[in-house]
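One structure is given below, encoded as structure tokens.
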Amino acid sequence: MEKKNLDWENMGFSYMQTDKRYVANYKDGKWDEGGLIDDANIVMNECAGVLQYSQSVFEGLKAYTTEDGRIVTFRPDLNASRMVDSAKRLEMPPFPEDRFVDAVIQVVKANAAYVPPYGSGATLYIRPYMFGINPVIGVKPADEYQFRIFTTPVGPYFKGGAKPITICVSDFDRAAPHGTGHIKAGLNYAMSLHAIVTAHANGFDENMYLDSATRTKVEETGGANFIFVTKDNKVVTPHSSTILPSITRRSIMYVAEHYLGLEVEERDVYFDEVKDFAECGLCGTAAVISPVGKIVNHGEEICLPSGMEKMGPITQKLYDTLTGIQMGHIEAPEGWIQVIE
């Protein structure tokens, strides 16, 4: 399929409507067969469950053009599994995992003209989501749901390279113990908006959230997990039942251990020890790894030894290896790459 005539190299990270999207509906206790449609608009009742009580979950993944010209996605089975966990937590009917992966393949194939060419720095972002659509006025789960996937081509998260960012310790809590911090629900992101706007107003790029119970342990940011590198090159990531299980983080930890031969550890990370790390990064679908150069806690500055000019050496190796796997330069572990035929 011939590519769209777009300015791929200068594309921003924003929404652009593509030709097709996938839609399936849940009614009377079962999902319909679903399929691709042209209309990007959603029509629902004013009392729809998603509008009244924020009953919605979502995922995010990307499609790439590899060096040999194939279109691929990265570990969509894990997105499917995580969405099942999110749906169960919000009393929503899980969309079957095999159908999730098949729907991703369908919608990417239908929008293949929007998958950016290899080397452009751009990708096709894929957004699966599900929400309660029938009228609900009492506080209870909806009875009917819609599952959808749209795609949009996006440019690189960073323009001109991944420069280290400055983050602040947030005065706000991201998630409560036994709450919904471990699932990808829209409501989690809604409550983070005030915190991120406040951080930006104060000159910071992102927040570091601490655990709400003791405010002594590092959790995550509003939309990414943390990774740290010790001075003896061990890769450490926080453990918590209120952290979203990032697919990127899980992949990075595997790459660190099995491709780079590094020691890895998932454990409680206390804020008091952050000053002792050599490198810090935020990991997620959008940028893979965003390096952190400085962390500010109410005026107290922690400057990472890796500095404010570039990624630290271990973080750079992790980034290069994982993106090399995604782009087809490096052989992937079995099952990581889904080819769109």
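List the strands (runs of 3 or more DSSP E) inside region 1-71, counting only whole elements, that have at least 2 residues being closer than 21 Å to residue 142 by Cβ and out of contact with any helix residue (DSSP H, G or I) (no Cβ under 7 Å at 6 or more places or on another chain). Give the steps one after another, and end with the answer.
Details: elements: 21-27, 35-37, 56-58, 61-65.
Result: 21-27.
Going through region 72-93 one residue at a time, which ones are outside any loop (DSSP other than H, G, I, E, B), open to solvent by 30 Å² or more (accessible area, probe 1.4 Å), of a type outside the set (Ser, Thr, Tyr) and touching a residue at least 12 places away in the same chain (Cβ under 8 Å)? Lay out the reasoning, then the answer.
As a first pass, look at region 72-93 and keep what is outside any loop (DSSP other than H, G, I, E, B): 72-74, 76-89.
So of that shortlist, the ones also open to solvent by 30 Å² or more (accessible area, probe 1.4 Å) come out as 77, 81, 85, 88-89.
Imposing the further condition that a residue be of a type outside the set (Ser, Thr, Tyr) reduces the set to 77, 85, 88-89.
Listed by number, the residues that qualify are 77, 85, 89.
This table checks each residue for (1) closer than 30 Å to residue 328 by Cα; (2) small (Gly, Ala, Ser); (3) surrounded by 11 or more Cβ atoms within 10 Å (Cβ to Cβ).
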position: 5; (1), (2), (3): yes, no, no
position: 15; (1), (2), (3): yes, no, yes
position: 25; (1), (2), (3): no, no, yes
position: 42; (1), (2), (3): no, no, yes
position: 48; (1), (2), (3): no, yes, yes
position: 52; (1), (2), (3): no, no, yes
position: 64; (1), (2), (3): yes, no, yes
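The set of residues in region 226-235 being in contact with a Leu (Cβ under 7 Å, 6 or more places away or on another chain) and under 29 Å from residue 198 (Cβ atoms) consists of 226 alone. Residues in region 319-329 that are more than 19 Å from residue 76 (Cβ to Cβ), open to solvent by 30 Å² or more (accessible area, probe 1.4 Å) and in contact (Cβ under 8 Å) with a residue 12 or more places away in the chain: 319, 329.
Among the residues of region 216-227, is there at least one that is open to solvent by 50 Å² or more (accessible area, probe 1.4 Å) and farther than 21 Å from residue 163 by Cα? Looking through region 216-227, at least one residue is open to solvent by 50 Å² or more (accessible area, probe 1.4 Å) and farther than 21 Å from residue 163 by Cα.
The residue of region 291-318 that is least open to solvent (accessible area, probe 1.4 Å), among those that are modelled with pLDDT of 95 or more and basic (Lys, Arg), is 294. In region 110-148, of all residues being open to solvent by 10 Å² or more (accessible area, probe 1.4 Å), hydrophobic (A, V, I, L, M, F, W, C) and assigned to a helix (DSSP H, G or I), the one that is farthest from residue 91 (Cα to Cα) corresponds to 112.
The values are calculated or read from the model by the stated rules, or taken from the named source; none is laboratory data. These numbers were taken from a predicted model, which means no experiment stands behind them. With ideal geometry, Cβ positions are generated from the backbone for all residues, glycine too; neighbour counts draw on all protein chains shown. Just so you know, the surface numbers come from the protein's heavy atoms only, side chains and all, with ligands and any DNA or RNA stripped out. Shrake-Rupley method; radii C 1.70, N 1.55, O 1.52, S 1.80 Å.
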